[in-house]
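Comments concern the structure below.
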Amino acid sequence: MPNPEFGGVQPAPFEPVPFQPHEREIHRLLGVMGDAPADQYADAIRILRGNPPLQTRSLILAHMAREIDSALRELLYSLVPVEVQDRLEAEKPEDRRDPDRALVIDEICSALGFDSTDEIRSVWKKSGAWHNAAHRGALLANRPADAAFIERWDRLGTVLKVVLRAYEGSFTRALPMIDELATAASITKEKVSHLLNRVPNSAPALNRFFEHASAAWFPHLLKRNYFRSPPPLQPSEDGLLTYKPWPPGRYLIRMMQEPKLVPDVIDVVLQLETDNPQAAETVADVALAAPIALARPLAGKIAQLLRSPAQWALPSKATELLPRLAAEGRLDEAATILAELLPSPTRRGAGGGFIPSELVIQLFPQLGVPGLAVIAARLAQREDGGRDELSYSRIWWPDITSGRIFRARDELVTMLRDAAIAVATEIGPEQVVCVLDAHPGGIFRRLALHILLLSPEPELVSAWLTGPALFHNRDCFVEYGHLLATHFGSLEPDDRNRVLALIDQGPIHTDDPAAIKRWKHRQLARFGDALPGAYRAEKEALVRELGDPDITNHVIEFKDRGSADRVDLPLPALDEMTDDDLISSLTGWTPTGRWDDPDRDDLRQRIQVAAAKSPRRFAALAPRFLDLNPTYARGLLEGLRQAIECTDDQQGSVAASVADWQPVLDFAAASLAQPAQLPERPTQGDGEEDPGWNWAWQELAELLTAGLRSDIPQANLEQALVVISQLLDADDSTDDDGPPFETAINSIGGNAWIALLQYAIRLHSPAAPVLDTAVRQLLEKHLNPARRPNSPIRSLYGYKIHVLSALDEQWTRQHLDEIFPHITKPGIASAAWNAYLMYGRLTVETATLLHPFYQWHTMSLSHAPETAPPIEGAPHEQPEDRLLEHLGLLYRDGAIPPHTGWLADFFNHAPLRLRARLIEHIGWQLHSVDQLDQDQTNRLKVLWEERRDAATQAGGDAAELAGFGVWFSSGKLPDAWALDQLNQALAAGTTLASCDDIAERLTTLGADELTESVTAIAGLVDAPDRPWFISSARTSISAVLRNGLQAADPETRRNAEQTVSRLVARGHSNFGSLTEATAGGDQPPTTVDQIEDAADGRR
């Protein structure tokens, strides 16, 4: 039974069919005939593979084979000329119902263009009639699915693949017959049979038929229940839902123009039980085309269909129907549909959410109270277990007139408010307020008070103002106050006294005199100017004592941590203070602790800005920050670094200089005696102040790096090195903290190591490229695993190996085995090697230096798994990817010669995914170079041809060649050679990467390459697993095929015609215009620009 909540039959879980690659192609080709043969074949494959295991396997497979073979011959027989069909009919024996099978097969093959000697004729005939295999004596044992049976089944597969591919290439020949059938003046039983059996039951063919079918077809199709079962949603392999088009839908819509057929069409769509989105849209289109009296029953059906999980245009069409129903007074039917269009208040998209809030005002007041009640009920719907946020709406919706929308709940509030205003303006507030008051929650009370403010009705106003519950309701405080201030003076005396009595009674939750005073201060402010004398005097006295009261709801805005330069924060004005006042202010300043007031981190940001503006002043003040909170010290250091790095500062580079580094370095040395972690502070900080001095030390290391580039004077360099050494010793990060490189560059020691390297660069002399002794000692100290075996700092040696080599190649070469100890300490080696690959700089010199390591790591890839889990915390691209990128560049540029043994070992033994990725990487690298020299071109041609031969030979895998699509689209290789290799890869069954770019590249080739270009387009069209390629590359495909259709070479024309036919057979009917356009004679070749210009003109 259909699930009414779903709107159709619940899709079964996806069960993959165990297709072999050629079987998948056969299944696709059977889909050109229709869903039934394709489904029969898929089920047959499941049974053939033993899922489920059946004793009657051969019997069922034979039945399916018989059905498929019979349907194939019946469909293709329509291509046989009528006179030949008549001859075969006349020659058949009197005791036979059908002409001889072998003769029919011969004529079908001739019609499809097969030569009289083509082997497919005999193979098809030898596959035999399946009637005998499908039937046996009732009590006889089942025939086994033995080798002979399987061989016969395989022959049928060969026939299906070859014959259906030929039919797909001739598909456009069937279109005139379809047109003739659709426009027939009278419909006979034979014509109906022809439609059902000799017209492909595929979307392209049926779209063509129903586009032209006359009304005369309707009663015959209705009698056959043709419209009863649209194809249901189907789960796909990737977990999504897919649907197939339903061509009869547009025909039904067209039949609404036939007055006599309207009731029958409406009855047809009312009986649909479907989850097919196109069929659902048909129901809405029929309703929109029908007289409103006849469309009424469709409202419930549309509401049911809106519950389906897959929608396309149904919600917008259903929305169009709402004003029509409302205009005819069919408010209940309109409300039924509206309920399915509204979003869920707790999560967007659940239960609908198709109607934009701005459209609601266009539907009201026409939808009236029933529509309003639907919106209110949806807003009141709770799915979160009971926490009633609707009673605290002043927090998330402080202004009842607001237009802000952050979630579905806000959309509903906006809809309900605007709809309520429109309806109340039209019919008065009474029914509107009644609808709102029917639901619990402060938001409904607030909306009702707002409606009464805009559309007042004296009795309602009085009733709502005199109730104690609303008077004391904190959520309604503002809206009640607005209504009170506006209408208190117009209340009856008794009602005014009742409201004032609530003031006299005081608050209901406290008896504290100070709290009562503050309560009265706010409450009396809500009365406006209509208070009696004594109350007015009390109000004025409270204002004089406590100031003007705040009687608004405030938007909660969480503090922006990047707001250091905000002048509205209540922080000390550092720029305006003397040095003593500044230090005194920082010493004595204490945050209030309120969530919306500044904290120490805000003050740190203010210090950073001030230090960046006046680096000399704050550099001199640095030692005095030792006695302050370390959070402030970090702000000082950040500001000084920012001043140095900001070379484009408007004040000029001199003003941005620290100038005197002595106090900064004195402060730095003294700060390292402070505790890294202060007691009772979280080790990761709390967002308001630093955990200790360790965060300031990291910033100190970054400041030294910036200063050592140019700003620190020569006289201070030695002291700077001492601080760097102490910072390196202060580091306590380990590989356990996360990925080594990322940990290192975010650690004290890592930044100190970078500062050390900058110190070495500062001392470097090109004439004598030798490391300073002190630097060398520090580098060796922190490279030694005996000191700290899990220090992430060692990854930085790999990251900056090119710098180390430039500073002192001899030292670097001597320590390579310590930096990359891939045999003795592979964990340490991988940290440095991965940092080099992922973040280092590849140079010819570095590649030469590291050649043995490239060899070792490349050979290790030969033993890598076929699938590799990503490294946690690493970027999307993995180290092995970067290694492959390096190999591609080094091979292309000659650093790795062709036929290198270890590279050959990689290609012979590495998993397919890595071999394919290397080929693809080389292709992308071609896109980034202007041109190749002849040596580079020759090396790439040698590599490609070797890999092509290996992949296409026995035991190879053509998937390795996928990246050649990127090679070809780069345009950097000789056109004729590249095009020939492209077609060889496609012929080998390769699913190429970058198909869109390939197609675009083909459009730029000259007439000499036209034949091969058309062949390439045909191959790309046939390639599997590229569902969007044809649509996305339509312009390029059209340009090549149009030129192919105009070619002088008949084989090129035939290939182009067959490719167009296949495209049309697969549902891309727009390509059919190519053959129509070229039917009139020769035309000049077409370019992509011309096609795009023509498309622009049509638009």
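Taken together, the values in this text are just the output of simple stated rules run on the coordinates, not laboratory data. Bear in mind that the values here come from a model prediction, so they are computed numbers and not experimental data. We place every Cβ from the backbone using ideal geometry, glycine too, and count neighbours over all the protein chains shown.
Structure summary
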| item | result |
| --- | --- |
| Three-way shape label, region 182-283, alpha-carbon gyration tensor, a/c 1.5 | oblate |
| Neighbour cut-off at most 13 other Cβ (10 Å), DSSP loop, trypsin sites (Lys or Arg not before Pro), region 449-537 | 474 |
| Summed residue charge, Cβ within 14 Å of residue 437's Cβ, Lys/Arg positive, Asp/Glu negative | -1 |
| Over region 571-719: Kirkwood hydrodynamic radius from C-alpha pairwise inverse distances, Å | 15.7 |
| Inter-probe distance in nm under a simple model that places probes 7 Å from Cα toward Cβ, at residue 426 and residue 264 | 3.9 |
| Net charge of neighbours whose Cβ lies under 10 Å from the Cβ of residue 970, counting Lys and Arg as +1 and Asp and Glu as -1 | +1 |
| Ranked 214, 58, 1073, criterion: other C-beta atoms within 10 Å, fewest first | 1073, 214, 58 |
| Kirkwood Rh and Cα Rg combined as Rg/Rh, region 25-106 | 1.09 |
| Dimensions (Å) - the chain, Cα atoms, principal axes, largest first | 120, 101, 66 |
| Fully extended contour minus Cα-Cα distance, from residue 746 to residue 381, at 0.36 nm per residue | 126.6 nm |
| Surface/4 of the Cα convex hull for region 731-849, nm² | 6.9 |
| Proxy reagent accessibility, fewest Cβ within 10 Å first, across 262, 269 | 262, 269 |
| Net charge, residue 863 excluded, C-beta distance under 13 Å - Lys, Arg +1, Asp, Glu -1 | -3 |
| Computed over region 695-785, Cα set: Rg, Dmax in Å | 13.2, 42 |
| Shape metrics for region 853-962, restricted to C-alpha atoms - Rg then Dmax, Å | 13.8, 42 |
| Ordering of 732-745, 963-976 by burial proxy (mean other Cβ atoms within 10 Å per residue, highest first) | 963-976, 732-745 |
| Spin-label model distance (nm) - residue 103 vs residue 324, 7 Å beyond Cα toward Cβ | 5.6 |
| Rough spin-label spacing in nm, given labels placed 7 Å along Cα→Cβ, for residue 957 and residue 823 | 3.2 |
| Within the chain, helix-based [θ] at 222 nm, where runs of 4 or more DSSP H residues each add -39,500 (n - 2.57), nearest 500 | -18000 deg cm²/dmol |
